[in-house]
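The values are calculated or read from the model by the stated rules, or taken from the named source; none is laboratory data. Note that the structure is predicted; figures quoted are calculated from it, not measured. Glycine gets a Cβ as well: all are built from the backbone with ideal geometry, and neighbour counts include every protein chain shown.
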Amino acid sequence: MSAPTAPAPNHRPREAALRKPLLYLIACAGLLVMATPFLWMALSAFKTKKDLTASPPVWIPSHWTLGNFTELLDQLDMPRFFLNSLIVAVLVTVCNLLFCSMLGYALAKLRFSGRSKIFGVVLAALMVPGNLMVLPLYVLMNQMGLIDTYAGLVLPFAASAFGVFLMRQFMQGVPDELLEAARMDGAGEWYIFFRIVLPLVKPALATLTIFTFLGSWNNFIWPLIATNDPGKYTLPVALATFANDPNRTVAGGNGMLMAGSLLVVVPVLLVFAVLQRHFTQGIATAGLK
């Protein structure tokens, strides 16, 4: 009679214990790669001209200074450009929140003829490259006399196919029984939309707010084309114009460019910091829709 064989060792607990630290290490490496350009920009904004031209490059400023910011404010009307970007980004974001949520609610909860066809058009619009629409939009805005106006910067982006699709997907998760109960109690569609549906889709609204504000704030091509008056320039256009100015000195100009780029990034970070809880919740639940 043969002796019983010993069970094979189970390596799965050890592999599971090693897998988690390895994933954290990979994630940290990816974060470092993505954050390095931002860190270099942020640190360079506070460097002196000597540190900016040092070889080999200096990461940590030997002397922290705000000179790049003061010089930038002296050479560019930064408050005006900042206000232009803020007005356009806020108006575009508010319009998207209103119009995309309204159309998303109609496509998700209302029954009417042609609903599926309209949703098909929305899906088709998602596949159209944005740069392909620049020329038709310019011709349209020019014929309407909206070049060099805030309306010309806002109206082409007052609603987006992505926003409609996002809101429609989230609003499908709102129980139909809840809406029917409200209708039986005499509530109208406007009341149901604003007082019942919108509070239930706050994560989607926060997600749309961040994506829309970020896209509008960093938009460069359309403001460059639709504005001829420097007084209507947004921050990206103003910084690009300054970067191509042959009269600026290389060292000081680079420091001022880093300072200006940091000013462009800060509002987006603030918006994300305020809405990050709803944003992460919206991203986490998006796959369940």
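Residue pairs, Cβ under 8 Å, 6 or more apart or interchain, first in segment 66-80 and small (G, A, S), second surrounded by 15 or more Cβ atoms within 10 Å (Cβ to Cβ). List them.
G67/T48; G67/G255
Among (1) under 25 Å from the mean Cα position of the chain (by Cα); (2) without any contact (Cβ under 8 Å) to a residue 12 or more places away in the chain, which single condition is L107 missing?
The failed condition is (2).
Tell me which residues, restricted to segment 246-289, are of a type in the set (S, T, N, Q) and either at pLDDT 60 or above or closer than 30 Å to F170 by Cβ (or both).
The answer is N247, N254, S261, Q276, T280, Q281, T285.
Are there any pairs, at least 6 apart or on different chains, whose C-beta atoms fall under 6 Å, with the first in segment 159-184 and free of Cβ contacts under 8 Å to residues at least 60 places away in the same chain and on the phi > 0 side of the Ramachandran plot and the second among the small types (G, A, S) and surrounded by 22 or more Cβ atoms within 10 Å (Cβ to Cβ), and if so, which?
Here the result reads none, with nothing in segment 159-184 linked to a residue that is among the small types (G, A, S) and surrounded by 22 or more Cβ atoms within 10 Å (Cβ to Cβ).
Does F170 count as farther than 19 Å from T93 by Cα, touching a helix residue (DSSP H, G or I) at 6+ places or on another chain (Cβ under 6 Å), part of a helix (DSSP H, G or I) and of a type outside the set (K, R)?
no
Those residues that are within 31 Å of the chain's Cα centre (by Cα), surrounded by fewer than 17 Cβ atoms within 10 Å (Cβ to Cβ) and part of a loop (DSSP other than H, G, I, E, B), I need them from segment 63-80; list them, please.
W64, T65, L66, D77
Take T36 and tell me if it is in contact with a His (Cβ under 8 Å, 6 or more places away or on another chain) and either among the small types (G, A, S) or over 30 Å from I196 (Cβ atoms) (or both). Can you show your working first?
Values: in contact with a His (Cβ under 8 Å, 6 or more places away or on another chain): no; either among the small types (G, A, S) or over 30 Å from I196 (Cβ atoms) (or both): yes.
Taking the combined requirement at face value, the residue does not satisfy it.
Report yes if N228 is under 20 Å from Y150 (Cβ atoms), at pLDDT 85 or above, over 22 Å from the mean Cα position of the chain (by Cα) and not β-branched (V, I, T), otherwise no.
So N228 passes the test.
Condition check ((1) touching a Leu at 6+ places or on another chain (Cβ under 9 Å); (2) within 27 Å of S85 (Cα to Cα); (3) surrounded by fewer than 14 Cβ atoms within 10 Å (Cβ to Cβ); (4) among the polar types (S, T, N, Q)) across all residues:
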| site | (1), (2), (3), (4) |
| --- | --- |
| P136 | no, yes, yes, no |
| A158 | yes, yes, no, no |
| E177 | no, no, yes, no |
| V201 | no, no, no, no |
| L208 | yes, yes, no, no |
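Checking K50 against (1) assigned to a helix (DSSP H, G or I); (2) at pLDDT 80 or above; (3) under 26 Å from F242 (Cβ atoms), which single condition isn't satisfied?
(2)
Is there a residue in segment 32-50 that is in contact with a Lys or Arg (Cβ under 8 Å, 6 or more places away or on another chain), more than 21 Å from V266 (Cβ to Cβ) and either free of Cβ contacts under 8 Å to residues at least 40 places away in the same chain or crowded, with 16+ Cβ neighbours inside 10 Å (or both)?
No, the conditions are met nowhere in segment 32-50.
Conditions (1) assigned to a helix (DSSP H, G or I); (2) among the hydroxyl-bearing types (S, T, Y); (3) within 25 Å of the chain's Cα centre (by Cα), marked per residue:
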position: P61; (1), (2), (3): no, no, no
position: F82; (1), (2), (3): yes, no, yes
position: V88; (1), (2), (3): yes, no, yes
position: T93; (1), (2), (3): yes, yes, yes
position: N96; (1), (2), (3): yes, no, yes
position: M102; (1), (2), (3): yes, no, yes
